[in-house]
Amino acid sequence: MSAVALLGGLGTTTRIWTAQLEATSDALAFDLPGHGAEPPAGDAVTIAAIGASLLDRLPERFSFCGVSMGGMVGMWIAANAPDRVERLVVACTGAKLGRREDYDARAALVRSEGVGVVVEAARDRWFTPSFRESPEARIVLDELATMSPEGYAACCEAVGAADLRDDLPRIPVPVLAIFGDEDTVTPPAVRDELASGIHDVRAVRIAGAAHLACVEQPEAFTAAVLDHLRRAA
């Protein structure tokens with residue numbers, strides 16, 4: 001199995017990959033610009049710019065697993081550098097997520113009032129009601145509350161501006177699409193776009209999970225990812 005790059009979603013850090021990093025020694029976890037240990041981008045933040053930057057930092061051949069915004073970056077990489085990618089996992093994501101004006105409004109709010117203003121809404125999107133007060137959820141949400149407002153806002157705008165639907169048919173590698181069965185960020189229409197747009201894709205639903213399925217159901221999530229990646233052998 002080749003090295004696997006892990007990239008999380010808007011407002012998260014490499015902390016969400018704890019279980020997956022423990023499960024394989026071949027994993028490399030990265031932060032989005034202005035998230036965790038990653039400094040803010042010097043130029044405009046876009047899905048393409050993040051993907052191009054990661055390509056400069058990754059081995060010649062690798063597999064990729066991305067959650068939410070990270071999954072969008074993975075789609076861009078697989079469509080634009082298919083010779084570099086062995087297998088792709090896109091989790092809790094879509095080729096187009098939500099409305100640009102909503103993301104722009106959230107970015108403006110965070111720049112004005114700080115990231116703390118979006119923590120409660122993130123709690124509701126990221127986790128099911130029974131998991132929201134768990135220690136694991138609190139760690140992820142506490143990291144969000146202390147995140148750089150500009151780092152969050154810039155990536156928020158990048159998600160809103162992203163539309164990868166035309167890239168999907170250009171993805172030639174085997175793709176696993178993972179969805180939490182209670183994820184409101186990826187309604188059926190978003191999931192169907194991935195299923196119909198990518199040539200070689202299979203979908204897995206994770207029971208008892210919302211948007212951050214890798215945190216809420218780490219064993220089921222990790223098993224699905226490793227099964228997909230090991231098929232390459």
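Things worth noting here:
- Taken over segment 110-166, residues that are β-branched (Val, Ile, Thr) and more than 21 Å from residue 93 (Cα to Cα) amount to 5.
- Annotation: residue 203 fulfils all but one of (1) out of contact with any strand residue (DSSP E or B) (no Cβ under 6 Å at 6 or more places or on another chain); (2) part of a strand (DSSP E or B); the unmet one is (1).
- Subset of segment 77-97 that is in contact (Cβ under 8 Å) with a residue 60 or more places away in the chain and basic (Lys, Arg) - its residue that is farthest from residue 6 (Cα to Cα): 96
For (1) surrounded by fewer than 17 Cβ atoms within 10 Å (Cβ to Cβ); (2) among the hydroxyl-bearing types (Ser, Thr, Tyr), each residue gets a yes or a no:
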| site | (1), (2) |
| --- | --- |
| 54 | no, no |
| 65 | no, no |
| 68 | no, yes |
| 74 | no, no |
| 78 | no, no |
| 81 | yes, no |
| 87 | no, no |
| 93 | no, yes |
| 97 | no, no |
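- Scanning segment 144-162 for residues being assigned to a helix (DSSP H, G or I) and crowded, with 18+ Cβ neighbours inside 10 Å gives a total of 12.
Laboratory data are not the source of any read-out in this text; all were calculated from the coordinates shown. Model, not experiment: these values are computed from the prediction. Cβ sites come from the backbone with ideal geometry, for glycine too, and all protein chains shown count toward neighbours.
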